[in-house]
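Some notes on the structure that comes next.
The values are calculated or read from the model by the stated rules, or taken from the named source; none is laboratory data. Since the model is a prediction, treat every value here as computed from it, not as a measurement. Here Cβ is always computed from backbone atoms with ideal geometry, including for glycine, and neighbour counts include all displayed protein chains. Surface areas here come from the heavy atoms of the whole protein model, side chains and all, with no ligands, DNA or RNA. Shrake-Rupley method; radii C 1.70, N 1.55, O 1.52, S 1.80 Å.
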Amino acid sequence: MEAKNTMKDKDLVVVYISYDKIDLIQLNGSDAKAAYNCKFGRFSHSSFIGKPYGTQIWSSDRKGFVHALRPTSQLITETLSHRTEVIYAPDIPFIVSSLELHSGCTVVESGTGSGSLSASIAHAVLPKGHLFTFEYNKLRAEEVAKDFKKYGLESVVTVTHRDVVEEGFMLPGLERSAHGVFLDLPTPWKVIEHATKVLRDYGKLCSFSPSIEQVQKSTEAMSALGFVDIKTYECLSRHFDEKTVEFPQLFETEKKQEYRMKRKLGYFEKQTEVACLRSDDRGHTGYITIGAVSYTHLRAHETDSYLVCRLLLEKKKKKKKKKK
């Protein structure tokens, strides 16, 4: 996707109002009445067109302003319609970097939801890669497909309505071709075997789970299916705001009136800048479990006992297939 410097008709623009309030709009220059309204006033769409991204846009009555920003994967995540609980930073960049995604990668995702992580994965694999995302809720799958079209990502993302627990991930051309698989499901351990059918050699699987019990079951399933280097992480983010604090001089005071008088006389001249933790910070979001499957590595380092077990299991599977 080409980065444009100036805003044009039909472009998507992120309207930055404050650190906790941003919106995504599509410019409609052909309609003279098209406008964006917020607490700072009315902003005509025509006032955005032709100006570079990052510009301060003033309201029609010149009483307030907003900033017009270029849409990025992170900003899109912040403006998404929350049809389900979404994955936020710092989890998103950690997941993308752990899966080692880059342009040209093929990624399989289950649990599309609102498309929060999907947008970031799609931007990471542009322009030659592709994301195959699966959603079991038909309405959500249709809505998120419309969102990807609006963001201009329809050529990079394929949305499929399917229950992957029952039907798996298999699509034409996906067998042993995915660089990474991401799972955001209530029972991820039930689909790990399906994931091995689409993962390429040395491909990585990543699972996001809110509870440690889900992690335990997932890691057990991954170990049983030959995944190596299995690790679980928890990402916590802390934001600090700068604040000026006054430190009173040491003196005894009993009455409020006396306290106010001493403040006026300059007993509180000592000031310093301190960092204060935000009270609205998110705490625990979930556990991120990552593992790699290496078919060649496992066979090369297989012990005699594991070899016997594998051969017995393969023999057992063949007998079951014959009976069917």
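Taking the range 45-54 as the range and being outside any strand (DSSP E or B) and touching a residue at least 24 places away in the same chain (Cβ under 8 Å) as the test, the residues that pass are Phe48, Ile49, Gly50, Lys51, Tyr53. Residue check: is Ser120 under 20 Å from Ile76 (Cβ atoms), open to solvent by less than 50 Å² (accessible area, probe 1.4 Å) and touching a helix residue (DSSP H, G or I) at 6+ places or on another chain (Cβ under 6 Å)? So Ser120 fits the description; yes.
A search for C-beta distances below 6 Å between a residue of the range 226-240 that is on the phi < 0 side of the Ramachandran plot and any residue that is open to solvent by 90 Å² or more (accessible area, probe 1.4 Å), counting only pairs 6+ apart in sequence or on different chains, returns Phe240/Leu277. Residues in the range 267-324 that are outside any strand (DSSP E or B), at pLDDT 70 or above, surrounded by 11 or more Cβ atoms within 10 Å (Cβ to Cβ) and hydroxyl-bearing (Ser, Thr, Tyr): Thr285, Ser294.
Here Val228 meets each of (1) at pLDDT 80 or above; (2) over 30 Å from Thr187 (Cβ atoms); (3) open to solvent by less than 50 Å² (accessible area, probe 1.4 Å) with one exception, condition (2). Looking across the range 56-85, the residues that are in a loop (DSSP other than H, G, I, E, B) and either crowded, with 19+ Cβ neighbours inside 10 Å or touching a residue at least 40 places away in the same chain (Cβ under 8 Å) (or both) come down to Ser59, Arg70, Pro71, Thr72, Leu80, Ser81, Arg83, Thr84.
Between Pro186, Pro172, the distinction of being free of Cβ contacts under 8 Å to residues at least 60 places away in the same chain and within 19 Å of Thr285 (Cα to Cα) belongs to Pro186 only. Taking the criterion of being of a type in the set (Lys, Arg), in contact with a helix residue (DSSP H, G or I) (Cβ under 8 Å, 6 or more places away or on another chain) and farther than 22 Å from Thr84 by Cβ, the only residue of the range 184-217 that qualifies is Lys204. Would you confirm, using the coordinates I've provided, whether Val159 is touching a helix residue (DSSP H, G or I) at 6+ places or on another chain (Cβ under 8 Å), of a type in the set (Val, Ile, Thr), open to solvent by 10 Å² or more (accessible area, probe 1.4 Å) and in contact (Cβ under 8 Å) with a residue 40 or more places away in the chain? Here the answer is yes, as Val159 does meet what is asked.
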